[in-house]
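Visitor: Okay, handing you the structure first.
Read the figures in this text as sums done on the coordinates, not as results from a lab. Predicted model only: the values in this text are computed from it and were never measured. As a convention, Cβ positions derive from the backbone with ideal geometry for all residues, glycine included, and neighbour counts pool all protein chains shown.
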Amino acid sequence: MHHLMALVFPGQGSQAVGMGRDLKESYAAAQETFEEADDALGFSLSRLCFEGPEEDLRQTHNAQPALMATSIACLRAARETDLLLPGAAFVAGHSLGEYTALVAADALDFAQGLRLVRERGRLMQQAGDKVSSGMAAVLGMEEEALQQVCQETGVQVANLNCPGQVVISGPKDELARAMELARNRGARQVVPLNVSGAFHSRVMRPAEEGLAGYLEEVPIRDPVIPVVSNVTARPVHEAEAVRAALLKQLCSPVRWHPSVDWMVSQGISTFVEFGPGRVLAGLIKRIHRPAQVASIGDRDSLEKLLQDRHWT
């Protein structure tokens, strides 16, 4: 049976010290990817990925290019092997991962993509520093009830990840009140996230202006594979739509759950995640149990897929 496939790329939070190292040692394509990244940024991003320290890697302006480089190294290493993945019908990514998806779809040059997400990270960090703010994951709560909490407290929904997992975002005091209300109104768990600010909320408005200026200068092409946008959970096909979607994404919710639902409705039955961790594969399974998922994040996961007859 012909499997319709989508390629997906993780966002911030999936980074881990050591990521990419074993791929670089085994695959020329991965090694070249990291060398290209170091050249593009003018410092050793690869050493940061391979050796840390963790607190540096976690900083937004480092984590974003580091994840993009590692995910693209995973993708290119897979292409170098005999892994005969059929052509993808769609690509998508979670927040930062949408930029990686655009590189994979040839809408964005890799070196320019790295510089773009480093700047995006810097702007997000700066906006986060201006307002004491944060994010929290709310687990096991009805979406309507949570929307009500958001309205009462002034926080915003930042990520619709999967059924029963929604992330909220906003200034510290509002967020604390929203977390308390959510706990009192039936959330199974409310977990503060280790991030430097309220991403995907209006706290990021100051970053929008800087990003708009930067995006103007970056050449963007029409993607060769439709990219499912976080903002609309629908594909973008033209360069100008890509630019608009990236700008809007900064202060809008990441609609991951609706994005996956839409891809499934278009006949996608197989999702392959490229990058460290298995966050998206886990979310996709919770959104659509029958989906076939694979994560390629290191040499072992790639070699395991190579041995699995189904994939080759």
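Visitor: Would you kindly derive the ³J(HN,Hα) couplings of the stretch 247-256 from the backbone phi angles with the Karplus curve 6.51 cos²θ - 1.76 cosθ + 1.60 (θ = phi - 60°), listing them in order in whole Hz, with x for Gly and Pro?
Guide: 5, 5, 4, 4, 10, 10, x, 7, 9, 5
Visitor: Find the Rg to Rh ratio for the chain, where Rh is the Kirkwood radius over alpha-carbon pairs and Rg uses the same atoms.
Guide: Details: Rg = 18.6 Å, Rh = 19.5 Å.
Ratio of gyration radius to Kirkwood radius for the chain: 0.96.
Visitor: Under the Kirkwood approximation applied to all pairs of distinct alpha-carbon atoms, what is the hydrodynamic radius of the stretch 109-201 in Å? Don't skip to the end; give the middle numbers.
Guide: Details: mean 1/r = 0.0730 Å⁻¹.
Hydrodynamic radius (Kirkwood, Cα pairs) of the stretch 109-201 is 13.7 Å.
Visitor: Sorted from fewest to most neighbouring beta carbons within 10 Å, what does the list H237, H200, H310 look like? Mind dumping the intermediate values first?
Guide: Values: H237 12, H200 24, H310 9.
Ascending Cβ contact count within 10 Å gives the list H310, H237, H200.
Visitor: Taking amide H atoms as placed 1.01 Å from N in the peptide plane, list the residues 5 or more away in sequence, or in a different chain, whose amide H sits under 5 Å from that of Q292.
Guide: The answer is T270, F271.
Visitor: Quick one: of the DSSP bridges fully inside the chain, what percent are antiparallel, nearest 5?
Guide: So the antiparallel bridges in the chain amount to around 50 percent.
Visitor: How much length is gained if the chain between Q147 and D173 is pulled fully straight, taking 0.36 nm per residue apart and subtracting their Cα-Cα distance, in nm to one decimal?
Guide: Length difference between fully extended and current span is 7.6 nm.
Visitor: Beyond 23 Å, how much of the Cα-Cα pair distribution for the stretch 68-160 remains, as a whole percent?
Guide: Percent of Cα pairs beyond 23 Å in the stretch 68-160: 48.
Visitor: Quick one: 3J(HN,Hα) in Hz for the stretch 191-197, Karplus 6.51/-1.76/1.60 with θ = phi - 60°, rounded, Gly and Pro as x.
Guide: Each residue of the stretch 191-197 in turn: 10, x, 9, 7, 10, 8, x Hz.
Visitor: Oh, and also: Given the convex hull of the Cα atoms of the stretch 1-96, what is a quarter of its surface area in nm²?
Guide: Mean orientational projected area (the stretch 1-96, Cα hull): 6.6 nm².
Visitor: How many Å³ per residue does the convex hull of the Cα positions in the stretch 112-156 occupy? It would help to have the intermediate numbers written out before the result.
Guide: Working: hull volume 4.7 nm³, N = 45.
So the per-residue Cα hull volume is 105 Å³.
Visitor: Students often check this: by mean Cβ neighbours within 10 Å, which of 5-17, 181-193, 260-272 ranks highest, and how do the rest follow?
Guide: Numbers: 5-17: 23.8, 181-193: 15.3, 260-272: 18.7.
The peptides rank, most packed first, as 5-17, 260-272, 181-193.
Visitor: In the chain, how many lysine pairs have Cα atoms under 24 Å apart, counting only pairs 8 or more places apart or on different chains?
Guide: Lysine pairs, 8 or more places apart or on different chains, close enough: 5.
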